[in-house]
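Got a structure for you, questions after.
The values are calculated or read from the model by the stated rules, or taken from the named source; none is laboratory data. These numbers were taken from a predicted model, which means no experiment stands behind them. A quick note on method: Cβ atoms are made from the backbone with ideal geometry, for glycine too, and the neighbour counts reach across all protein chains shown. These area figures cover heavy atoms from the full protein model, side chains too; ligands, DNA and RNA do not enter into them. Shrake-Rupley method; radii C 1.70, N 1.55, O 1.52, S 1.80 Å.
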Amino acid sequence: MSVIEITEVLCEYRKRLLGTDIAMPRFSWKLHSAERGIIQHACRLQLTLADDIDFHDPLWDSGKIETEQSIQFAYEGKELRARTAYSFRVKAWSSCGAESEWSEAITVETGLLHPSQWQAKWITPDVNRIHRESEPIFQLRREFELDHDIVSARVYATAAGVYELYINGQQASDDVLAPGWTSYHHRLQYQTYDVTALLRNGGNAIGIWLGDGWYRGKLGFNDAHFVYGDHRAALLELHVRYRDGREQVVISDSSWKASTGPVLYSNLYHGEVYDASLEQHGWNEHGFDDSHWSPVQTLRLPYEPLLAQENWATVVTQKIQPVKTGITPAGAHILDMGQNMVGRLRLSVRGADKGSEITLRFAEVLDAEGNIYFGNLRTAKQTVTYRASGDEHEQYAPHFTFQGFRYVQVEGYPGQEQHGLSLADFSGEVLHSDMPSTGEFACSDDRINQLQQNIRWGQRGNFLDVPTDCPQRDERLGWTGDAQVFISTALFNYGGGPFFTKWLHDVQAEQQPDGGIPFVVPNIIEGSSSAAWGDAAVICPWTMYQYYGDTRLLAEQYDSMKRWVDYIRAQGEDEYLWNTGFHFGDWLGLDAKEGDYVGATPTDLIATAYYAYSCRLVAQAADVLNLLDDAAYYHLLHEQVVRAFREEFVTLRGRIAAPTQTAHVLALVFDLVEPAIRARVAADLNRLVVDNDYHLTTGFVGTPYLCFALSDHGYHETAMRLLTQQSYPGWLYSVSQGATTIWEHWDSIKPDGSFWSDDMNSFNHYSYGAVGDWMYRRIAGLDMREDTPAYRRIRLHPQFGGRQLTYARAAHESLYGTIECGWTLDHGQLFVNVRIPANTTASLTLRGAAAEQLLESGQNVHVVAGILRVEKEADGVRLKIGSGVYRFSYPAGGLFRRTYTEQTMLSELQMDQQAVDVLNRHAPQLLNGALTNIVHQSSLRQIADNKITRVSEETLGRIVNELQHL
Ligand code: RAM
């Protein structure tokens, strides 16, 4: 057994890549060893045809290369050929000389590689027989003969619309709502399906169901139809390979037949109408009599936008049984799924009369009286109607629609009036992009754990192929601002490589000639280029680079990133300020004027702050991509914008002129103020929160960074109080109201039980879930370093304590492997457990630790393998450690008490930083004594008892005198 092994190989983020258009794919592999401190010293990569099972005759053999690189390693052999299956494997050597076995081989199979390769024709039913605007879903079919000895068969297919594919009566894949949603005018994904097992010698049949989806159905809040075109159409090629090397191709062409069927209507927002009596049994099998079906016609739709599937497919990822049935005060029979989910409901129906109708209406919440509430759906009907066939047992789930719901109102279910509904007859099918779960977070406060679950469900509900704002009302759009604020939290929790690669390619495709970025991507509404929304074009590729070291995507998006910043530069009256145009501002901030959506923070402050931030990221991207001139240009531009920000938005005496939480947050987190005044700005921010009785006022822009701004400037305790604030507004307010997803508004349900206005009130909006990023990086302490992306150098720095928390843990499945950081306080001892994957190192800051008392698995850290360096820090110890699993422990008493006294007590006593500073200056020994010794609390209590909140220097002098006499 070798000391190191390769446990997983990924190609372009996937374990198996079927049908890619990437001719030079990249590979990542995870190393594992029982030993600590493993670094890869060399590797060897091989790629061969899939038939060459033993790699006898590899097409590419890199030979042994000395390199530490084990992720995003680009294939360097000859360009891959179209429609070809390859196998790839890798082996590695560690720096201590150990050699791994070869990894298991993974399959990489190319698709058509280029639009010009398509032989198939776009087909649609003959418009003289079935009207092009006909609502019922089309069925398309064709039969064909095959020979013996089929070795493999692939379907390449897509639609102008959405489709399901059947071969010989069986569904050919689990994909739902294929081909997904892209900027269809520029980019349309095709899917590749392995259908070898479904075909047989002799007669075969293909069937397609073709619906409207995003292409032609109602889309957006302006009641737009036919956004991309007025004909639904399908495009398909089946390639069959025989043992003797022959190939047979079946394509969509005029030989196909068309019909309508049982799906009378299907729309993403409104739902589906299904009449089971119209099912045509055997329509997708060989031998069906289609003489009454219509011919099809071919259409001249373009081939240029066609490209292989980039994103994960949308699939059913979980099945949920309802937890309760009941009858509302208004007399409606309802199901409670126990979870606000996104997907569809599958029914099992027994004993229904032929033609009888079951109607399901979906909603997210019940109102204060306990009645089901449809108001926030706006015009989205979210209604599914099933007309029974009268068969003894019927099963049904809709095909081309999805709903956002926790509650379902059921009408017409057989026997429901007599016996009520039976839970076993219903199953919720959760739908979203099939991204793997990569993140965990838990702590000793179950309310925060529920919040974490709500964050994850918010992502699941809104990552249905496109990062959407909401999944229930007549909107469900790819709002750029929402995606930008949430992406970092999202990439921690779920593998988002393919998801954001696809979406960013759409962002780029829809960037306007002047560099502006639409409000939503794919773009189907008017309007573009709001600050903090358009910045998604810069922030999202940068965040992808941070999580996955994806320099290829960074390079692909770089031009678009740059064009966005250049766009901004051209907007302002002053080239270094952005003070013109429309902006959403601190959207839904609570300091907004009555009846307004836009928070009180001036939009030109927000716009200029984001201008500076995007500038910095473009400059850093230029550094990474080695574009020296650009880097110099954008670094300089960044400095100039920062200078302009200071002149415009910071007072001469060093205060942020706008007295809002968000203004202070942006100034701190985007590093916009002079270092000398940072502490003061932070103290002011803290004061704004404390004065508001530990409640936030921030909207979409300030919220994601609010807790970072506090924790990183000595106010972690305040941040924790914000997080654990249960009264409105705060994250735990919705949790205390029973929320199972993140709400759009802090008060989507108000404390008195009433709702925010119907016109914009989603109960499944992920934006405020962006606090997850801070929970993982600060509470659990699992963080990264900007300059060594993909967690190559991991940064672990948990901030202990804060509001009774005694335990927190986060884990993330990075491209290198599992990273874990968790801490527990137990009887005055702190236990910190960390896991560092092979081929990475970590710096671990242990606050309050003293090297002499710090143990790892019972041994002093100075003598432990894997610990590369032990450094004393002002407030603890910093270790540099190599890969492996470690269990640290040290006495926590001083640390937790000091954390409590310095932060909680000061804020509880309503002392601001200014007061502390003055005390420090006048009587440091007194302050230290008071802070580190609980006995002296009483002296500080006096300040509180005197209700002194803001104290002048003079008053403080007096207090100091008094205190000195105590
Ligand atoms: C709403 C969306 C979204 C937000 C925009 C500005 O319609 O729900 O969350 O980004 O407005």
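Residues to consider are D783, D826, D759, D773; find the one that is within 16 Å of the ligand (Cβ to nearest atom) and of a type in the set (D, E, K, R).
Working: D783 fails: within 16 Å of the ligand (Cβ to nearest atom); D826 fails: within 16 Å of the ligand (Cβ to nearest atom); D773 fails: within 16 Å of the ligand (Cβ to nearest atom).
Of D783, D826, D759, D773, the one residue that is within 16 Å of the ligand (Cβ to nearest atom) and of a type in the set (D, E, K, R) is D759.
Somewhere in the range 901-913, is a residue modelled with pLDDT of 95 or more and open to solvent by less than 20 Å² (accessible area, probe 1.4 Å)? Spell out how you get there, then give the answer.
Initially, the range 901-913 is screened for residues modelled with pLDDT of 95 or more, giving none.
No: zero hits.
Now for a separate question. Go through the range 190-226 and give me each residue that's part of a helix (DSSP H, G or I) and without any contact (Cβ under 8 Å) to a residue 24 or more places away in the chain. Steps first, answer last, please.
Here is the first cut: in the range 190-226, the ones part of a helix (DSSP H, G or I) are 196-198, 213-216.
The one that is part of a helix (DSSP H, G or I) and without any contact (Cβ under 8 Å) to a residue 24 or more places away in the chain: A197.
Cβ contacts < 9 Å: first residue free of Cβ contacts under 8 Å to residues at least 40 places away in the same chain, restricted to the range 276-289; second residue among the aliphatic types (A, V, I, L, M) and surrounded by 14 or more Cβ atoms within 10 Å (Cβ to Cβ), any location; separation 6+ or different chain. Result?
Close Cβ pairs satisfying both conditions: L278/V263; L278/L264.
Separate question: Regarding S757, is this residue closer than 30 Å to A368 by Cβ, assigned by TED's automatic domain parsing to the domain that holds V618 and either at pLDDT 95 or above or open to solvent by less than 10 Å² (accessible area, probe 1.4 Å) (or both)?
Working: closer than 30 Å to A368 by Cβ: yes; assigned by TED's automatic domain parsing to the domain that holds V618: yes; either at pLDDT 95 or above or open to solvent by less than 10 Å² (accessible area, probe 1.4 Å) (or both): no.
It is false that S757 is closer than 30 Å to A368 by Cβ, assigned by TED's automatic domain parsing to the domain that holds V618 and either at pLDDT 95 or above or open to solvent by less than 10 Å² (accessible area, probe 1.4 Å) (or both).
Is at least one residue of the range 566-587 within 16 Å of P518 (Cα to Cα), of a type in the set (K, R) and open to solvent by 40 Å² or more (accessible area, probe 1.4 Å)?
First, the residues of the range 566-587 that are within 16 Å of P518 (Cα to Cα): 566-568, 571, 581-585.
Checking the rest, the ones that are also of a type in the set (K, R) come to none.
No, because not a single residue in the range 566-587 is within 16 Å of P518 (Cα to Cα), of a type in the set (K, R) and open to solvent by 40 Å² or more (accessible area, probe 1.4 Å).
Which residues, counting only those in the range 505-532, are open to solvent by 10 Å² or more (accessible area, probe 1.4 Å) and within 15 Å of the ligand (Cβ to nearest atom)?
Step one: filter the range 505-532 for residues open to solvent by 10 Å² or more (accessible area, probe 1.4 Å), giving 505, 508-514, 519, 523-528.
Answer for the range 505-532, where residues must be open to solvent by 10 Å² or more (accessible area, probe 1.4 Å) and within 15 Å of the ligand (Cβ to nearest atom): F519, N523, I524, I525, E526, G527, S528.
Okay, next question. Can you tell me which residue within the range 557-600, out of those that are closer than 22 Å to G702 by Cβ and among the charged types (D, E, K, R), is nearest to the ligand (Cβ to nearest atom)?
Checked the range 557-600; the qualifying residue nearest to the ligand (Cβ to nearest atom) is D586.
Output the residues belonging to the range 459-504 that are open to solvent by less than 10 Å² (accessible area, probe 1.4 Å), within 16 Å of the ligand (Cβ to nearest atom) and within 20 Å of F441 (Cβ to Cβ).
Hits for the range 459-504 are Q459, G461, N462, F463, F486, I487, T489, A490.
Which residue is farthest from D474 (Cα to Cα), if the candidates are limited to the range 260-292 and must be in a loop (DSSP other than H, G, I, E, B) and among the polar types (S, T, N, Q)? Spell out the reasoning first.
Initially, the range 260-292 is screened for residues in a loop (DSSP other than H, G, I, E, B), giving 261-262, 268-270, 279-292.
Applying the additional criterion that residues be among the polar types (S, T, N, Q) yields 280, 284, 291.
Details: Q280: 33, N284: 33, S291: 40 Å.
Top of the filtered list is S291.
Assuming G375 fulfils every condition listed in (1) within 14 Å of S427 (Cα to Cα); (2) in contact with a Phe, Trp or Tyr (Cβ under 9 Å, 6 or more places away or on another chain); (3) surrounded by fewer than 16 Cβ atoms within 10 Å (Cβ to Cβ) apart from one, which condition is it?
Failed condition: (1).
Still on this model: Residues in the range 490-532 that are within 16 Å of the chain's Cα centre (by Cα) and small (G, A, S): how many?
Of the residues in that region, 4 qualify.
Considering the range 767-790 alone, what residues qualify as being outside any loop (DSSP other than H, G, I, E, B) and open to solvent by 10 Å² or more (accessible area, probe 1.4 Å)?
Kept after step one, since they are outside any loop (DSSP other than H, G, I, E, B), are these residues of the range 767-790: 767-779, 782-784.
Those that are outside any loop (DSSP other than H, G, I, E, B) and open to solvent by 10 Å² or more (accessible area, probe 1.4 Å): D773, R777, R778, M784.
Can you give me the ranges of the helices (runs of 4 or more DSSP H) entirely in the range 668-727 with at least 2 residues that are within 23 Å of A536 (Cβ to Cβ)? Spell out how you get there, then give the answer.
On the way: elements: 675-691, 703-711, 716-723.
The qualifying helices (runs of 4 or more DSSP H) are 703-711.
Which one of these is in a helix (DSSP H, G or I), more than 16 Å from the ligand (Cβ to nearest atom) and surrounded by fewer than 16 Cβ atoms within 10 Å (Cβ to Cβ): L636, L554?
After ruling out the rest, the residue left standing is L636.
Given the criteria closer than 21 Å to F500 by Cα, within 16 Å of the ligand (Cβ to nearest atom) and not β-branched (V, I, T), does A536 qualify? Step through it out loud before you land on a result.
On the way: closer than 21 Å to F500 by Cα: yes; within 16 Å of the ligand (Cβ to nearest atom): yes; not β-branched (V, I, T): yes.
Against the criterion (closer than 21 Å to F500 by Cα, within 16 Å of the ligand (Cβ to nearest atom) and not β-branched (V, I, T)), A536 qualifies.
Within the range 293-325, how many residues are outside any loop (DSSP other than H, G, I, E, B) and not small (G, A, S)? Walk me through how you get there before you give the answer.
Keep residues of the range 293-325 that are outside any loop (DSSP other than H, G, I, E, B), which gives 294-299, 306-308, 314-320, 324-325.
Subsequent filtering for residues that are not small (G, A, S) retains 295-299, 306-307, 314-320, 324-325.
Here the count works out to 16.
If P751 satisfies every condition in (1) modelled with pLDDT under 95; (2) on the phi > 0 side of the Ramachandran plot but one, which is the exception?
(2)
Here is a further query. Counting residues that are among the charged types (D, E, K, R), which strands (runs of 3 or more DSSP E) fully inside the range 356-396 reach at least 2?
Numbers: elements: 357-363, 383-387, 393-396.
Ranges flagged: 357-363.
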